[in-house]
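Written out below as structure tokens is the structure these notes cover.
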């Protein structure tokens, strides 16, 4: 029985080799025996071509598949048929599972039903300049006119022989003054003023930014949210492993010889 002595870097399935369980199973070949015979690389099982969401996860996933079926016999007459069917199966199912893997990488809070974010940006610019001129002229004219009538009498009485009035009064001398004069006044005034106001050019710019985030849960209790989250958890690796079960014999091989003739017609006892 041939074995290979290589490191796990180039032979990721070397630790799955089972060299002491006989060359063959009851019907075909065991996975552990095939690894011991030298089929311990990704390429030898045709597990290097199917699409995968992260290339670094290829070897861990392949190792899980073979480790799960390590004691199973392959479900085909020859290993060449089996590894072709295994590679084909993985190519068929992985596009769907890659989406499931990608969904598990989404970051979110399962205990939050509200996540509102408000972002505001304010950027305003104001420019202004002003110039004003004021000119004012005022004038006024005042005209006035009047009439003055003056009457004056001077009386001296030594021997009253002059009649003062029809009343029969007499005086030595009588002097009467009767003047009338007209007055006219004209006053004119004017004033003027002018002014200019000018303000320099002004420039103002305002910039503002605000962020508001509201998180939490509403409508459901925390325990209900936790139960819903648990129902969404998936073991995607096991889903892939179970999908590959049809490629293997249904019973695990214990290594005990159940018939005198094994795989390929070799006598087992």
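In segment 240-269, the qualifying residues are those that are part of a helix (DSSP H, G or I) and surrounded by 14 or more Cβ atoms within 10 Å (Cβ to Cβ), and the one that is modelled with the lowest pLDDT is 263.
Restricting attention to segment 51-83 and to residues that are more than 22 Å from residue 105 (Cα to Cα) and assigned to a loop (DSSP other than H, G, I, E, B), the residue that is nearest to the chain's Cα centre (by Cα) turns out to be 69.
A quick yes/no check of all residues on (1) more than 19 Å from residue 75 (Cβ to Cβ); (2) modelled with pLDDT of 90 or more; (3) surrounded by fewer than 17 Cβ atoms within 10 Å (Cβ to Cβ):
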residue	(1), (2), (3)
14	yes, yes, no
20	yes, no, yes
24	no, no, no
33	no, yes, no
40	yes, yes, no
43	yes, yes, yes
49	yes, yes, yes
55	yes, yes, yes
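Restricting attention to segment 34-79, the residues that are without any contact (Cβ under 8 Å) to a residue 40 or more places away in the chain and farther than 28 Å from residue 235 by Cα total 4. Within segment 80-96, which residues are within 21 Å of residue 252 (Cβ to Cβ) and free of Cβ contacts under 8 Å to residues at least 12 places away in the same chain? Answer for segment 80-96, where residues must be within 21 Å of residue 252 (Cβ to Cβ) and free of Cβ contacts under 8 Å to residues at least 12 places away in the same chain: just 81.
The values are calculated or read from the model by the stated rules, or taken from the named source; none is laboratory data. Please read these numbers as outputs of a predicted model, since none were measured by experiment. Note: ideal-geometry Cβ built from the backbone for every residue, glycine included; neighbour counts use all protein chains shown.
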